[in-house]
Amino acid sequence: MTIKKILVVDDSPTERLAMTELLSARGYQVVTAENGEDAIAKSKSEKPDLILMDVVMPGMNGYQATRTISRDDATRSIPIIMCTSKGLETDRIWGMRQGAFDYLVKPVDPAELLTRIQALG
C-alpha cells in the first residue's frame, strides 16, 4: 500500500499547520480535520491512505472517532496513527483497542513519524 494522501486530525491550528508543512514537503497530499466528526466525514469523502489522529478534541474525541472509522466497512482499511499528548501506557493501550495502527506521543519527532509512515507504505 502506497501512502499518498494523509488526513491530519487535530483541533490545534498550529499542530495542523506544522503537520501539513512537514508532510507536504515530503510529497504527501494533506487533508485536515479539526474534530472527530469532521474526521469521520472526511475519511469517507476524501478516502485518505492514512489518518493521523489527535485524541483530546472538543466534541467527539480521537478515541471515539478512531473506533467509528475502524469499524465502518467503508473506512476500516485506512490505518490510523494516534498523535497525542496522552502519554500513559493505559492511553496507548486504549488507543490501540479502538483500532489505531500505531501511537505516538506529542511532541511528535518528525523523523520518527516519517519512518512510521514509510513503514506502512
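Coordinate-derived values only; no laboratory data. The model shown is predicted, which means the values in this text are computed figures rather than measured ones. Positions of Cβ are generated from backbone atoms using ideal geometry, with glycine treated the same way; all protein chains shown enter the neighbour counts.
Observations, loosely collected:
- For segment 5-120, the calculated P(r), taken from all Cα-Cα distances in 10 Å bins from zero up to the bin holding the longest distance, is 15, 54, 30, 1 percent.
- Listed from fewest to most Cβ neighbours within 10 Å, the set Thr90, Thr66 follows the order Thr90, Thr66.
- Available extension along the chain between Gln29 and Asp109 is 26.8 nm, counting 0.36 nm per residue and deducting the alpha carbon span.
- Taking amide hydrogens as placed 1.01 Å from N in the peptide plane, the amide H of Thr32 sits under 5 Å from those of Val8, each at least 5 positions away in sequence or on another chain.
- Around the Cα centre of segment 4-121, unit charges on the Cβ atoms of Lys, Arg, Asp and Glu (plus for the first two, minus for the last two) sum to a dipole of about 360 debye.
- Net length gained if the chain between Arg76 and Leu17 were fully extended (0.36 nm per residue, minus Cα distance): 18.6 nm
- 14 Å reach of a label modelled at Leu120, 7 Å along Cα-to-Cβ, counting backbone N of segment 10-39: 10, 20, 23-24, 28-33
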